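Remarks on the structure that follows.
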Amino acid sequence: MPQTLPEPGRILRVLRLARGWSLTEAAAQTGVSKAMLGQVERGESSPTVATLWKIATGFNVPFSHFIADPAPESAFLRSVGTDRWRQQHTTMQASPLFPFDRQLGFDMLVVELAAGALSESSAHERGVIEHVVVIEGELRLATGAQWHTLKAGEGLRFQADTPHSYRNDGTAPVRFYSLIHYPCAFSLPGGGAPKPQDPSR
């Protein structure tokens, strides 16, 4: 990973300490083991996309916060490219097409799912909406218990605050855009106090 990118372990530690969470508490919030979180923080393990997504969801921060520099203040913003977070021998790879937009509250990612792969995503925070548009191949997408088939050029908008899954039944990788809209402002390191947890959840 290029040195100019944020280090997931450093970002994780900053977020955890800002909330006053122990590794045990962070594990309970994210569904990622205490041992794995500790390894990520110490730079001993590079998290997969699936693990990083769980961490981002548990901390209620945008996924791209771990892998992309903040968006500059500018009237124009060129896409940052699609080779910024790629790991070998993983079933899913994701790259930010644009950094997280604080004003509009969305992430825009390019995701690649390997042939025969299944990736299951836990529910995001309440009110999060995801738009998926397939670029290449055919994607099977489950929202709750319902499966949808999306071919190149087709898309689906759905509530992402329930469990959802991505599956590739083909023999070649599937690539798709994932635009995730977060209804609430996030508090990231250097930007104020953490967002309080919803007591009703």
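Worth pointing out:
- Taking other residues whose beta carbon is less than 11 angstrom from the beta carbon of residue 167, and scoring Lys, Arg as +1 and Asp, Glu as -1, yields -2.
- Heavy-atom accessible surface of residue 133, to the nearest 10 Å², is about 60 Å², with a 1.4 Å probe and all protein chains retained.
- Residue 177 accessible area, 1.4 Å probe, all protein chains in place, Å² to nearest 10: 80
- Amide H contacts under 5 Å for residue 7, placed H, 5+ residues apart: none
- FRET efficiency, residue 126 to residue 157 (Cβ-Cβ, R0 25 Å, nearest 0.05): 0.90
The values are calculated or read from the model by the stated rules, or taken from the named source; none is laboratory data. All figures in this text were calculated on a predicted structure; none of them were measured in a lab. When we count neighbours, we look across all protein chains shown, and the Cβ atoms used for this are built from the backbone with ideal geometry, even at glycine. Heavy atoms of the whole protein, side chains included, go into the accessibility calculation; ligands, DNA and RNA do not. Shrake-Rupley method; radii C 1.70, N 1.55, O 1.52, S 1.80 Å.
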